[in-house]
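The values are calculated or read from the model by the stated rules, or taken from the named source; none is laboratory data. These numbers were taken from a predicted model, which means no experiment stands behind them. Neighbour counts run over all protein chains shown; Cβ positions are idealised from the backbone, glycine included. Each accessible area value is taken on the protein alone, full model and side chains, heavy atoms only, with ligands, DNA and RNA left out. Shrake-Rupley method; radii C 1.70, N 1.55, O 1.52, S 1.80 Å.
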Amino acid sequence: MAVALPSFLTAIMIMSRLMAFIGITRNNDMSSKLQALDIAPKLSYDPSAIESASQDFGHIVKAVPQAVLLPSSPWDIASLVNFSYSNSVPFSIAARGNSHSVNGQAMAKNGVVIDMTSMKNGNGTGIRIASDGSYADVGGQQFWIDVLNATLGLGLTPVSWTDYLYLTVGGTLSNAGISGQTFRYGPQISNVYEIDVITGTADFVTCSPNNNSDLFYAALGGLGQFGIITRARIPLEPAPKRVKWVRMLYTDFSDFTRDQELLISKNGRNDNKALNYLEGSLLLDQGSLDNWRSSFFPPQDQPKIISLITKFRIVYCLEIVKHYDGQTKTTVDKDLQQLLKGLSYLPGFMFEKDAKYEEFLNRVHSEEMKLKAKGLWDVPHPWLNLFIPKSKISDFNDGAFKSIVLQRNITTGPVLVYPMNRKKWDDRMSAVIPDEEIFYTVGLLQSSGFDDWRTFEDQNKEILLFCEKAGIKVKQYLPHYTTQEGWVNHFGSKWSTFQKRKLQFDPKLLLSPGQRIFNSKQ
């Protein structure tokens, strides 16, 4: 049952929805007032800029803004927010990084979209590394690949990553930032010392666990609802030189999950014997091995892998990485063998690579270039990302993977499934995860044609309906709901706090309207 909204928030929401119907008169009035601002020269009305800001990586949702701000500093952003907040008829504002969202989360219909990447060459925070190498101050507009390159030059690195590095720091910190390092180091939001945030009241706030902590915990994983992150202080550690990169195949899901859970049980941040990365994925009997996950396998071994997939229809792939450098070069193989001892992967189906650390982290980019060359990157991406409690992952395999996915036989992208440890997350932050100590992330990272993406969306809906009927208490990652009740159920016990923080930091509901949390009619 949906939680009733406080009367003051209900009134604000009604006002916000009414404003959406004022229409062309309001838009023209807004445009004329924007032209009088000091930042007017940085506002673009160019059709190509408007078109770009109307779409995202998903190519499913479209929402046209009135203008696009090309800021050269965070103060330009604060000026825009202040103008809207002070206006008798406020307009919505969305911060847009590389716009890797898939359901319009970084859009602002009839509002203003802020192109955060325009600050990369301006006066915004760039990438500044502390003299003692303990942290880097990074602008929210910076891509993680830029952070990697800057820190590696000094032999340093962050420890928690996303699979794809061409995402902005502010963007991933507004969600969580997960990958195969999360089981050990936690998500990216668990690896931040402090952040600068411009709130929906145009306040420029530096916050940390000990300073303005309410905003710190609200903004991390807060889906952009409480402020725009313009700087983050990221802890650094000595960078490894190379990695041992291993993939093992399974046909039994119980063996696959048992081995994953065993491997992530050794997860101390300073435990040199633990793995540095672990992910799992599915190899399905409905496509070639030529994708960004499975191109890892040696060409001479691909026929026997294809034969295995043809026989079992689903093969489960466990992927792990162990870092090493000059000091650990002589011991890494022994440490890895010890970690793999007793695992139940199929004999003869373990494959190993030795790679540079940066090559491994940036592994998706080379596949991106291949897809772009074929015209297969800028297409619809009807993705579904879920967190599944450990106790229900076997049910999910039977009901979703083996039944729905195989039966529909349309999946065209990677399907990920790997576990995480709840204790590596900070529950004071806005991000929502299942209650169990171990939970799995499941990602159906699909690509489609422009004419058939709804077929994939139907599959996603069928999977979610199955979970509901089976009593699987899933939580969406990169969540997308179309009703207030959906968001209330998503946040659960955190909903009340989420509402109060919204009222405190963005009382006029200016920020991130594309999430449709407080303005489901947007």
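Return yes or no: is Lys521 open to solvent by 20 Å² or more (accessible area, probe 1.4 Å) and modelled with pLDDT of 95 or more? Answer is no for this residue.
Report yes if some residue within segment 146-158 is in contact with a helix residue (DSSP H, G or I) (Cβ under 7 Å, 6 or more places away or on another chain), open to solvent by 10 Å² or more (accessible area, probe 1.4 Å) and assigned to a helix (DSSP H, G or I); otherwise report no. Yes, segment 146-158 contains a residue that is in contact with a helix residue (DSSP H, G or I) (Cβ under 7 Å, 6 or more places away or on another chain), open to solvent by 10 Å² or more (accessible area, probe 1.4 Å) and assigned to a helix (DSSP H, G or I). Within the option set Asp506, Asp427, being of a type in the set (Asp, Glu), modelled with pLDDT of 95 or more and buried (at least 16 other Cβ atoms within 10 Å of the Cβ) holds for one residue only, Asp506.
So is Ala218 open to solvent by less than 20 Å² (accessible area, probe 1.4 Å), within 26 Å of Phe91 (Cα to Cα), under 21 Å from the mean Cα position of the chain (by Cα) and among the aliphatic types (A, V, I, L, M) or not? Judged against the criteria, Ala218 is a match. Residues being assigned by the TED database to the domain that holds Gln260 and surrounded by 20 or more Cβ atoms within 10 Å (Cβ to Cβ) are entirely absent from segment 364-379.
In segment 320-340, the residues that are in the same structural domain as Leu262 (by the TED database) and within 19 Å of Gly180 (Cα to Cα) reach residues that are in a helix (DSSP H, G or I) and not hydroxyl-bearing (Ser, Thr, Tyr) with C-beta atoms within less than 7 angstrom, at least six apart or across chains, in these pairs: Ile320/Leu263; Val321/Phe360; Lys322/Val332; Lys322/Asp335; Lys322/Leu336; Tyr324/Val332; Leu339/Leu263.
Give all pairs with beta carbons closer than 7 Å in which a residue from segment 457-472 that is over 22 Å from Asn409 (Cβ atoms) meets a residue that is open to solvent by 40 Å² or more (accessible area, probe 1.4 Å); count only pairs at least 6 apart in sequence or on separate chains. The qualifying pairs are Ile472/Lys392; Ile472/Asp395. Kindly evaluate Ser134 against the criterion of being among the polar types (S, T, N, Q), under 30 Å from Lys33 (Cα atoms), open to solvent by 30 Å² or more (accessible area, probe 1.4 Å) and over 22 Å from the mean Cα position of the chain (by Cα). It is false that Ser134 is among the polar types (S, T, N, Q), under 30 Å from Lys33 (Cα atoms), open to solvent by 30 Å² or more (accessible area, probe 1.4 Å) and over 22 Å from the mean Cα position of the chain (by Cα). Say we look at segment 176-194 and pick out the residues that are assigned to a helix (DSSP H, G or I) and not aromatic (Phe, Trp, Tyr); which of these is most open to solvent (accessible area, probe 1.4 Å)? Restricting to residues being assigned to a helix (DSSP H, G or I) and not aromatic (Phe, Trp, Tyr), the top hit is Ser190.
A single member of Asp285, Asp259 is in contact with a helix residue (DSSP H, G or I) (Cβ under 6 Å, 6 or more places away or on another chain), closer than 26 Å to Asp395 by Cβ, outside the structural domain of Ser190 (by the TED database) and not hydrophobic (A, V, I, L, M, F, W, C), and it is Asp285.
Any residue at all in segment 311-322 that is open to solvent by 50 Å² or more (accessible area, probe 1.4 Å), out of contact with any strand residue (DSSP E or B) (no Cβ under 9 Å at 6 or more places or on another chain) and at pLDDT 95 or above? Looking through segment 311-322, at least one residue is open to solvent by 50 Å² or more (accessible area, probe 1.4 Å), out of contact with any strand residue (DSSP E or B) (no Cβ under 9 Å at 6 or more places or on another chain) and at pLDDT 95 or above.
Phe498: under 30 Å from Phe204 (Cα atoms) and open to solvent by less than 30 Å² (accessible area, probe 1.4 Å), yes or no? First the steps, then the outcome.
Values: under 30 Å from Phe204 (Cα atoms): yes; open to solvent by less than 30 Å² (accessible area, probe 1.4 Å): yes.
Considered against the rule, which asks whether it is under 30 Å from Phe204 (Cα atoms) and open to solvent by less than 30 Å² (accessible area, probe 1.4 Å), Phe498 comes out as yes.
Among the residues of segment 241-267, those that are open to solvent by 20 Å² or more (accessible area, probe 1.4 Å) and either outside any loop (DSSP other than H, G, I, E, B) or in contact (Cβ under 8 Å) with a residue 24 or more places away in the chain (or both) comprise Lys241, Arg242, Lys244, Thr251, Asp252, Ser254, Asp255, Arg258, Glu261, Leu262, Lys266.
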